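Remarks on the structure that follows.
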Amino acid sequence: DDDCDGLVDDADPSVDASTGTYYYRDADEDGFGDNTSRVQRCAPLAGYVASRNDCDDAADDVYPGAAEVCGNGRDEDCDGDGGPGGDDDGDGVTWLEESRVGADDCSLDSDADGVGDAAEHGFDFDEDGLDGSVDPDDDGDGIPTLDEGAGDVDADGDPNYEDLDSDGDTKLDADEGTGDSDSDGVPNYLDPVDDDGPDADADGDGLTNVYESSVSLSDAYNPDTDGDGIGDGEEIGAGATPRDTDGDGVYDVLDADDDGDLVPTAAEDYDGDGDPSNQDTDADGAPDFLDPDDDGDGVDTIDEDVDGDGDPRNDDSDGDSVPDYLDDDGLGPSGDIDGDGLTNLEEEGLGTDATRPDSDGDGVGDADEIGDPSAPTDTDEDGVIDALDPDDDGDGIATADEGTFDVDADGVGNHLDDDSDGDGKKDAVEGTGDVDCDGVPDFLDGDDGLDCEGPPADTADTGAPVVPDPACGCASTRGAGAAGALAALALVVRRRRS
């Protein structure tokens, strides 16, 4: 009875099958049948239901209106939005595509890195085997994509999370890291200039930018602000305040002449290696650029500017090509090591001893005995200059015994006077004896025969035989001798004054 009119179809001339009801196979008994398995009946049929559109009649939790479970690849409510080709999260990537790479079809950003699956799916930038949608560090630089973000700091067209050098400073993000070395609030990997912050050391001199700008007043971008060859870090010193060696009110780091010796610090780099700190002429432990007496001769460098032109470097008193402030020996040709007024070169030429002011030890200095170095004095013309002649006037009496006093006041010192006492008798004849026993040697005694009674003793001055006067207490004509000559000089002087 397909038309449900009470008559079997064979006996019903007016069968109308369209009047029956369709029933659908409900194998999972969830109340909804399979559209592809139906029957038309006048009454319900066991195992069939009138409700249809069960998209999975083998699963009793899948039917129209059922609760949808996100991300399981099934279309529980049979609305057509779900299953392997579905896109539960609506990110444009199907469940099947996401499931193949381990992504979550219920999340727009499966790896929670701040970049949606839609942008990352299908890319493996760092070639680590992970799809970008599930890789928390897309470029493999050790910095999470979440931290790097999708911005493009260096504007090179590559987002930071896929850029190995996000700030374009030629330093890899992996090397720069997330620190902030210059304390400017920008992590190094995103900071094109990592050393412009207050705590950075832009010039690598060991001093922070803020210290150089506010304390030492040096240039934070120049490791040697004053260009003297000594780095700012070294010139600052270890004290609480920057070092000012010469106390001129200018910190060494800004002072071209740290020790104030008139020789620029840069010029105290004598070996030319660009580092004045390894020059210590006097080996006193203080480098020359900090040493006011570079050669340690007891004379400050500033005082060795002989010509007073403000530059000790051009003063070379001894002509040895070593400026005075670095020369503590005076041994050069123009020097005068013994201070006798003759240069070392002159003494070398004359044969005198440049280390002794009185080469022949006769009590008269070389300079006095030489006179003009170009025509040195040789009083007795014996071929030996006075400075080397122990008997300058050749009278047989040593210069040391005669002395430089002028007994006869004739303007010629005894040591150069062949008649020292001016009595008309040569010193060579009178000798050092004391014929009249008055304590004054005859060559210094102008009246050497008038002091005793009896036979005149001065006949000895003529070379005639002498008869000593016993009254004088003199046993012979030898008198006091040369050793007493100088001791008797005071007596002669007193006599001449009386």
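Values in this text are rule-based calculations from the coordinates and carry no lab data. Owing to the predicted nature of the structure, the values given are computational and were not obtained by experimental measurement. Glycine also receives a Cβ, built like all others from the backbone with ideal geometry; neighbour counts cover every protein chain displayed.
Points to keep in mind about this one:
- Relative contact order (%) - the stretch 161-230, alpha-carbon pairs under 8 angstrom, separation at least six: 18
- Global form of the stretch 312-432, assessed from the alpha-carbon gyration tensor, a/c cut-off 1.5: prolate
- Leading residue at positive end of dipole, the chain (Cβ point charges), from 394, 123, 102: 394
- Over the chain, relative contact order from alpha-carbon pairs under 8 Å, at least 6 apart, %: 4
- Alpha-carbon Debye profile of the stretch 155-217, log10 I(q)/I(0) at 0.23, 0.27 Å⁻¹: -0.87, -1.06
- Once backbone amide H atoms are built at 1.01 Å from N, residue 165 has 173 as its partners under 5 Å, excluding neighbours fewer than 5 places away on the same chain.
- Of the residues 82, 177, 345, the one whose Cα sits farthest toward the positive end of the charge dipole of the chain, with +1 on the Cβ of Lys and Arg and -1 on the Cβ of Asp and Glu, is 345.
- In the chain, a dipole from Cβ-located charges (positive for Lys and Arg, negative for Asp and Glu) runs towards its positive end, and of 354, 236, 439 it is 439 whose Cα lies farthest in that direction.
- Inter-part distance where the stretch 296-316 and the stretch 128-161 are each reduced to a Cα centre, Å: 67
- Coarse-grained scattering of the stretch 109-259 at q = 0.12, 0.20 Å⁻¹, given as base-10 log I(q)/I(0) from a Debye sum over alpha-carbon atoms: -0.61, -1.06
- Computed from backbone phi, the HN-Hα couplings of the stretch 157-170 come to x, 9, x, 3, 6, 10, 10, 6, 9, 4, 9, x, 9, 6 Hz, rounded to whole numbers (Karplus: 6.51 cos²θ - 1.76 cosθ + 1.60, θ = phi - 60°; Gly and Pro given as x).
- Scattering from the chain was approximated by placing one identical point on each alpha carbon and applying the Debye formula without solvent; log10 I(q)/I(0) at 0.07, 0.09, 0.12, 0.13 1/Å stands at -0.76, -0.91, -1.08, -1.15.
- Taking all pairs of distinct alpha-carbon atoms in the stretch 253-360, Kirkwood radius in angstrom: 14.8
- When 301, 245 are arranged by Cβ crowding within 10 Å, least crowded first, meaning fewest neighbours, the order is 245, 301.
- Total formal charge among the other residues, if their Cβ is under 9 angstrom from that of residue 206, Lys/Arg +1 and Asp/Glu -1: -4
- Size descriptor, Kirkwood hydrodynamic radius, that averages inverse alpha-carbon separations across the stretch 114-159, Å: 10.8
- For the chain, the Cβ-based charge dipole about the Cα centre amounts to some 1520 debye (Lys, Arg positive; Asp, Glu negative; other atoms uncharged).
- Under-5 Å amide H pairs with residue 35, H placed in peptide plane, nonlocal only: 53, 54
- Residue exposure proxy: 153, 193, 134, ordered by other Cβ atoms within 10 angstrom of their Cβ from fewest to most, comes out as 193, 134, 153.
- 5 angstrom amide H check on residue 21, placed H, neighbours 5+ away: 41, 42
- Backbone geometry of the stretch 375-388 corresponds, through the Karplus equation with coefficients 6.51, -1.76 and 1.60 at θ = phi - 60°, to 3J(HN,Hα) couplings of 9, x, 5, 9, 3, 8, 6, 9, x, 10, 5, 3, 5, 10 Hz, x marking Gly and Pro.
- Over the Cα atoms of the stretch 36-100, the radius of gyration divided by the Kirkwood radius equals 1.12; this is the Rg/Rh ratio.
- Relative to the longest principal axis of the Cα atoms of the chain, the long axis of helix 485-497 lies at roughly 70 degrees.
- What you get for the stretch 1-151, charging only the Cβ of Lys and Arg (+1) and of Asp and Glu (-1), is a dipole of about 1180 debye around the Cα centre.
- Counting beta carbons within 10 Å around each of 216, 183, 107 and listing the fewest first gives the order 183, 107, 216.
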